[in-house]
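Asker: What follows is a structure written as structure tokens; I'll ask about it next.
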């Protein structure tokens, strides 16, 4: 088994904060592929014990990263981002489209994260409707931790879904 991205000696040209975030996103994509890529459409939409579906988790990961990076870049959320947020809990009907959204979201996130220089990390930013204060670094670190939280939830749900399908 390959080492986790943060132990791989990669991205050494990237400043440390951004490198850690990029490694967290690489690990997230690897783990989601390992645990969720072979699930059926029904399994991706399943809500065992009323847990959020895996489809929700994958969409939420990609879309929340996009929203958080918008704040990190000093922007405000677009109508399209707000509309997409409201649709995250809907069932999916195309599993390939779901995984493509995740892949594209991760690729775009890496490009955007790489655009931040060290000098921007301490710049103040505002988040959400209440304009809560943070910094670029705070947002980048939150992207890593928030993503990993939802990856863990997706993997746990995948294990529950698999155990139910093998029990029947």
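The values are calculated or read from the model by the stated rules, or taken from the named source; none is laboratory data. Please read all numbers here as calculations on a predicted model, not as lab measurements. Note: ideal-geometry Cβ built from the backbone for every residue, glycine included; neighbour counts use all protein chains shown.
Asker: Here is a check on your reading of the model: is residue 9 in contact (Cβ under 8 Å) with a residue 40 or more places away in the chain, surrounded by fewer than 16 Cβ atoms within 10 Å (Cβ to Cβ) and outside any helix (DSSP H, G or I)?
Answerer: Spelling it out, it is not the case that residue 9 is in contact (Cβ under 8 Å) with a residue 40 or more places away in the chain, surrounded by fewer than 16 Cβ atoms within 10 Å (Cβ to Cβ) and outside any helix (DSSP H, G or I).
Asker: Additional query: Might you check whether a residue that is surrounded by 18 or more Cβ atoms within 10 Å (Cβ to Cβ), at pLDDT 95 or above and farther than 21 Å from residue 143 by Cβ occurs anywhere in segment 71-89?
Answerer: no
Asker: Checking the conditions here, which among 144, 115, 137 is under 23 Å from residue 55 (Cβ atoms) and either at pLDDT 95 or above or in contact with a helix residue (DSSP H, G or I) (Cβ under 8 Å, 6 or more places away or on another chain) (or both)?
Answerer: 144
Asker: Mind checking which residues of segment 16-54 are assigned to a loop (DSSP other than H, G, I, E, B) and under 18 Å from residue 107 (Cα atoms)?
Answerer: Across segment 16-54, the qualifying residue is only 37.
Conditions tested, residue by residue: (1) touching a residue at least 24 places away in the same chain (Cβ under 8 Å); (2) within 15 Å of the chain's Cα centre (by Cα); (3) surrounded by 16 or more Cβ atoms within 10 Å (Cβ to Cβ).
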position: 13; (1), (2), (3): no, no, no
position: 45; (1), (2), (3): yes, no, yes
position: 49; (1), (2), (3): yes, no, no
position: 53; (1), (2), (3): yes, yes, yes
position: 56; (1), (2), (3): yes, yes, yes
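Asker: Still on this structure, I have one more. Taking the criterion of being crowded, with 19+ Cβ neighbours inside 10 Å, assigned to a loop (DSSP other than H, G, I, E, B) and more than 17 Å from the chain's Cα centre (by Cα), would at least one residue in segment 102-117 satisfy it?
Answerer: yes
Asker: Would you mind stating whether residue 68 is under 18 Å from the mean Cα position of the chain (by Cα), surrounded by 14 or more Cβ atoms within 10 Å (Cβ to Cβ), at pLDDT below 95 and part of a helix (DSSP H, G or I)?
Answerer: no
Asker: When residue 99 is evaluated against the numbered criteria (1) surrounded by 16 or more Cβ atoms within 10 Å (Cβ to Cβ); (2) touching a residue at least 60 places away in the same chain (Cβ under 8 Å); (3) not in a helix (DSSP H, G or I), which criterion, by number, is the only one it fails?
Answerer: Checking residue 99 against (1) surrounded by 16 or more Cβ atoms within 10 Å (Cβ to Cβ); (2) touching a residue at least 60 places away in the same chain (Cβ under 8 Å); (3) not in a helix (DSSP H, G or I), the one that fails is (3).
Asker: Moving on to the next point. Say whether the condition of being assigned to a strand (DSSP E or B) and surrounded by 12 or more Cβ atoms within 10 Å (Cβ to Cβ) is met by at least one residue in segment 132-150.
Answerer: Yes, segment 132-150 contains at least one residue that is assigned to a strand (DSSP E or B) and surrounded by 12 or more Cβ atoms within 10 Å (Cβ to Cβ).
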